[in-house]
Amino acid sequence: FQDLNTFAGALESVNGDLEYLKNNAFNFIVNQHGKELIKKLEELSIHIADAGQIGANLQKTAVSLNLSLGEDVLGFSADINTAKQFLDALVFWLNQSEAQNIAIIFQNPTEIRPAGGFAGSYAEVSLDHGSLSHLKVNDIYYPDKFLKSKIIPPKPLQLITPSWGARDAAWFFDFPTSAEKTISLLEASNIYKERSMRLSAVIALNIHVVQSILDIIGPINLPDYDLVIDKDNFLSEIQREVEAGDDKRAGDPKRILRVLTPIFFEKLAELGDEQKRLLFEKFKNHSLAKDIMIFSQDPLLESYIKSVGLGGEVFNLPKQFSGDYLAVANANIGGGKSDAFIDQVIRLDSKIGLNGTVNNYLKIERSHNGQGQKDWWYRSTNKNYIQILVPTSAILNDISGNIYRSIKAPVNYQQKNYKVDLDLRSIESTLKFLDDFAVEELFQFGKKTFATWFDVKAGEKKKLELQYQNANAISIADGEKYRFVFDKQAGVKGELELHIEAPAGYKWRENNNHLFNYSNKDVPARVIINLTLKEEK
C-alpha cells in the first residue's frame, strides 16, 4: 500500500507536468523561452522514469505476494519506457547546436492528392533550442522555380506538368514517403542549397485544422484586403484571392497567407487556459481523423510519432496475416478545386468461402455537388486518378464505371536529360496494364494496387464497382481469427460501410451472427476489425 501511494504521487507529478506543458509549451516556443520548455521536458522525463521505477517495484512486490496487477499495469510499464525514450530523443533534438528546421505543409483537400490535399503553401519554421527563431510562409511553387534538377513526374501528373517538384511530392499514399520526398525536393532547390539548409521534419495540416483554430481564436481582420477571415469563409475567401485576386494578377498569389500567418500565431499565443484546453481537444480529434500528420528524420522520434497515430503510414501487413485490407486513394489531376463538393461513400461486401478465399464486391460512389457554385474551380469536372490498395494475393475479376485516359509524355525525357526518381521507379516498374479492364496493376507499400480513372462532372453521381478475390486469406476452423484493416485517405471525408459474411456453417463470435456490419460517416484514420469464427452447431 505504501508503494501504491508512492506510485499515485509519481503519476500525479507526471500529470501536473503534462498539464503545465499543454498550457505553456506553445508560448515558450513563440516567446523565445525555449530553454524553459526544454527544462520542463527534462523534468517530465525524470518524473516518468521515477513512476516507471516505482511501478516496477510494485510489480515485484505483487509477484512476491502471488498477486496479479493485470495486463494494464504491464502495458503501462512498456508505455512508460517508450515515453521516456521519446522525451529524451526530443530534448536531444531540441538541444542541437544548429537550429532544427521544419516544413509545415498546408494541405488543401479541395484538390486531393494521395497523401492529403495539394500543398499550395508551406511555412519554414526554425527552432533554436526550443525557441521559434524563424517563420516564413512561401508559395510551394517558389522553391520549385529554383530546382535545377529536372525530374520525371509520376505518369498521371504528366497530364498537367512536365517535371516533378515539391508541389506534387504528396504523391504517395504513405505519408512518410511523401514527406521524405518533400524534404528531398525542397532541399534540392537552390534557395535551400545556397543556405545549406536542411529540413529535419515535416508537419502536414489541412484546412479542417485551420478552421478549428479560427473557431477558437476568432476572426482575423485583414485591412489590406478589406476582409475579415473566420472559420466559415476561410476556405472560400483565401481560395478566391489566390485564384483570382489582385495578388494573383501581380504574380504573388499567396501573399495573403504571409499577411495572415503572423496575426494567426499572435492570437494563438494570447489564448487563455480554457481556450488552450479546447484547442488541445480539437487537435486530438484531428489527429484521429488524419488531419494532422508528422514525419521526423530522427528514427526515435519517428517511431514514437507512428505509435501515437500521427505518422500517416500505410498499415504493414504481417507475414502471417489472416484477413483483408483496403485503402482508397484519390488524386485530383486537373480537376480544379472540385473535391470541396465531392461526397464519397465506400461500401465493401466481403464473402468468405469454405476454402478461405474472400470474394469482395467494392462500390465507391462519388457525388459532385458543386454545380451551383459561382467559381469555376469548384464547378470543374472532378478528374480523379483513383488507386485501390488491397492484399498482394488479390485478383481483379471485374470493374465498371471507370474510364481510360491516354497519357503522352509532354517532353522527350531521355533527350532532355530528365532524371528518374528511384522511389517512383521502384513502384512504376511493377506496373502492368490490364487491357480488359482499363486498369493499371502495380505494387507499393506491400500492397497490390488497382489504379484507374474515375471522373465525375458537376451535378452528377457516379459509381465505381469492382469485384476481386483475395485468395487464401483465412484458415477456416472454429476459433480462427479474421482481421480487416481500412486505411483512410487524409483529407477525404465520407462514409464507410463494411459487410463481412462468414463461411457457410459459421458465424462471428463477436456478434453471434453470420454477417458482421460496420458503418461510419466520420471514419477514423484507421479502422481495424477483429473477428473470430464460431462453428454453428
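How about the stretch 288-330: which of its residues are buried (at least 23 other Cβ atoms within 10 Å of the Cβ), small (Gly, Ala, Ser) and farther than 24 Å from Tyr361 by Cβ?
Of everything in the stretch 288-330, those that are buried (at least 23 other Cβ atoms within 10 Å of the Cβ), small (Gly, Ala, Ser) and farther than 24 Å from Tyr361 by Cβ turn out to be Ser296, Gly312.
Criterion first (open to solvent by 10 Å² or more (accessible area, probe 1.4 Å), among the basic types (Lys, Arg) and part of a strand (DSSP E or B)) does Lys374 satisfy it?
Working: open to solvent by 10 Å² or more (accessible area, probe 1.4 Å): yes; among the basic types (Lys, Arg): yes; part of a strand (DSSP E or B): no.
So Lys374 fails the test.
Being touching a residue at least 12 places away in the same chain (Cβ under 8 Å) and part of a strand (DSSP E or B) is the requirement here; does Glu441 meet it?
The answer is yes for Glu441.
Name the single residue, out of those in the stretch 488-500 being surrounded by fewer than 20 Cβ atoms within 10 Å (Cβ to Cβ) and outside any loop (DSSP other than H, G, I, E, B), that is farthest from the chain's Cα centre (by Cα).
His499
Is the stretch 261-278 home to any residue that is touching a strand residue (DSSP E or B) at 6+ places or on another chain (Cβ under 9 Å), open to solvent by less than 50 Å² (accessible area, probe 1.4 Å), more than 30 Å from Tyr20 (Cβ to Cβ) and of a type in the set (Val, Ile, Thr)?
No: the stretch 261-278 contains no residue that is touching a strand residue (DSSP E or B) at 6+ places or on another chain (Cβ under 9 Å), open to solvent by less than 50 Å² (accessible area, probe 1.4 Å), more than 30 Å from Tyr20 (Cβ to Cβ) and of a type in the set (Val, Ile, Thr).
If you take just the helices (runs of 4 or more DSSP H) that sit entirely in the stretch 186-246, which of them hold at least 3 residues that are closer than 30 Å to Ala89 by Cβ?
190-193, 207-217
I want to confirm something. Restricting to the stretch 161-170 and keeping residues that are part of a loop (DSSP other than H, G, I, E, B) and not hydrophobic (A, V, I, L, M, F, W, C), which single residue is most open to solvent (accessible area, probe 1.4 Å)?
Pro162
Thr392 is checked against (1) open to solvent by less than 30 Å² (accessible area, probe 1.4 Å); (2) β-branched (Val, Ile, Thr); (3) not in a strand (DSSP E or B) and fails just one. What number does that condition carry?
(1)
Among residues belonging to the stretch 413-429 that are in contact (Cβ under 8 Å) with a residue 12 or more places away in the chain and open to solvent by 50 Å² or more (accessible area, probe 1.4 Å), point out the one that is nearest to Lys150 (Cα to Cα).
It comes out as Lys419.
Which condition breaks for Ser45 when tested against (1) free of Cβ contacts under 8 Å to residues at least 24 places away in the same chain; (2) of a type in the set (Ser, Thr, Tyr); (3) open to solvent by less than 40 Å² (accessible area, probe 1.4 Å)?
(1)
Residues in the stretch 215-232 that are under 21 Å from Phe118 (Cα atoms) and buried (at least 16 other Cβ atoms within 10 Å of the Cβ): how many?
1
Counting only residues that are hydrophobic (A, V, I, L, M, F, W, C) and more than 30 Å from Gly323 (Cα to Cα), how many does the stretch 392-422 have?
6
Could we say that Leu279 is in contact with a Ser or Thr (Cβ under 6 Å, 6 or more places away or on another chain) and in a helix (DSSP H, G or I) here?
Numbers: in contact with a Ser or Thr (Cβ under 6 Å, 6 or more places away or on another chain): no; in a helix (DSSP H, G or I): yes.
Criteria not met by Leu279.
Check whether at least one residue in the stretch 105-121 is more than 24 Å from the chain's Cα centre (by Cα) and among the basic types (Lys, Arg), and report yes or no.
No, that holds for no residue.
Enumerate the pairs (first residue in the stretch 236-257 and free of Cβ contacts under 8 Å to residues at least 24 places away in the same chain; second residue anywhere and open to solvent by 50 Å² or more (accessible area, probe 1.4 Å)) with beta-carbon separation below 8 Å, excluding pairs fewer than 6 apart on the same chain, so at least 6 apart or on different chains.
Note: pairs meeting the criteria are Glu241/Lys248; Asp247/Arg255.
Name the residue that is farthest from Ala62 (Cα to Cα), counting only residues in the stretch 1-32 that are polar (S, T, N, Q) and open to solvent by 80 Å² or more (accessible area, probe 1.4 Å).
So, considering only residues that are polar (S, T, N, Q) and open to solvent by 80 Å² or more (accessible area, probe 1.4 Å), the one farthest from Ala62 (Cα to Cα) is Gln32.
Restrict the check to the stretch 138-152 and report whether at least one residue is part of a loop (DSSP other than H, G, I, E, B), hydrophobic (A, V, I, L, M, F, W, C), touching a residue at least 40 places away in the same chain (Cβ under 8 Å) and over 22 Å from Ile407 (Cβ atoms). Explain how you work it out, then say what you get.
The first filter runs over the stretch 138-152 and keeps only residues part of a loop (DSSP other than H, G, I, E, B), leaving 140, 146-150, 152.
Of the ones still in play, those that are also hydrophobic (A, V, I, L, M, F, W, C) are 140, 146-147, 152.
With touching a residue at least 40 places away in the same chain (Cβ under 8 Å) added as a condition, the list becomes 146-147, 152.
Remaining after also requiring over 22 Å from Ile407 (Cβ atoms): 146-147.
Within the stretch 138-152 (the criterion being part of a loop (DSSP other than H, G, I, E, B), hydrophobic (A, V, I, L, M, F, W, C), touching a residue at least 40 places away in the same chain (Cβ under 8 Å) and over 22 Å from Ile407 (Cβ atoms)), the answer is yes, since at least one residue qualifies.
Of the numbered conditions (1) polar (S, T, N, Q); (2) in contact (Cβ under 8 Å) with a residue 60 or more places away in the chain; (3) over 30 Å from Asn472 (Cβ atoms), Ser406 fails exactly one; give the number of that condition.
Here Ser406 meets the rest and fails (2).
How many residues, within the stretch 171-211, are open to solvent by 20 Å² or more (accessible area, probe 1.4 Å), under 23 Å from Gln158 (Cβ atoms) and hydroxyl-bearing (Ser, Thr, Tyr)?
The qualifying residues number 2.
Return yes when Asn530 is under 26 Å from the mean Cα position of the chain (by Cα), farther than 18 Å from Ile388 by Cα and either in contact (Cβ under 8 Å) with a residue 24 or more places away in the chain or open to solvent by 60 Å² or more (accessible area, probe 1.4 Å) (or both) and no when it is not.
Spelling it out, Asn530 is indeed under 26 Å from the mean Cα position of the chain (by Cα), farther than 18 Å from Ile388 by Cα and either in contact (Cβ under 8 Å) with a residue 24 or more places away in the chain or open to solvent by 60 Å² or more (accessible area, probe 1.4 Å) (or both).
How many residues does the stretch 486-503 hold that are farther than 14 Å from Pro524 by Cα and touching a Gly at 6+ places or on another chain (Cβ under 8 Å)?
Count: 1.
Under the condition of being of a type outside the set (Ser, Thr, Tyr) and assigned to a strand (DSSP E or B), which residue from the stretch 126-137 is surrounded by the fewest Cβ atoms within 10 Å (Cβ to Cβ)? Can you show your working first?
Initially, the stretch 126-137 is screened for residues of a type outside the set (Ser, Thr, Tyr), giving 127-130, 132, 134-137.
The next check asks that each one be assigned to a strand (DSSP E or B); those that pass are 127-128, 132, 134-137.
Numbers: Leu127: 21, Asp128: 16, Leu132: 19, His134: 13, Leu135: 14, Lys136: 11, Val137: 21.
Residue satisfying both the conditions and the ranking: Lys136.
Within the stretch 409-436, track down each residue that is assigned to a loop (DSSP other than H, G, I, E, B) and under 31 Å from the mean Cα position of the chain (by Cα).
Scanning the stretch 409-436 gives Ala409, Pro410, Tyr418, Val420, Asp421, Ser429, Thr430, Leu431.
Give the stretch 454-479 a look and list any residue that's open to solvent by less than 50 Å² (accessible area, probe 1.4 Å) and either in contact with a Phe, Trp or Tyr (Cβ under 6 Å, 6 or more places away or on another chain) or among the basic types (Lys, Arg) (or both), or say none.
Passing the criteria: Leu464, Ile474.
The values are calculated or read from the model by the stated rules, or taken from the named source; none is laboratory data. Since this is a predicted model, take the numbers as computed values, not measurements. Here Cβ is always computed from backbone atoms with ideal geometry, including for glycine, and neighbour counts include all displayed protein chains. Heads up: the accessible areas ignore ligands, DNA and RNA and are worked out on the full protein's heavy atoms, side chains in. Shrake-Rupley method; radii C 1.70, N 1.55, O 1.52, S 1.80 Å.
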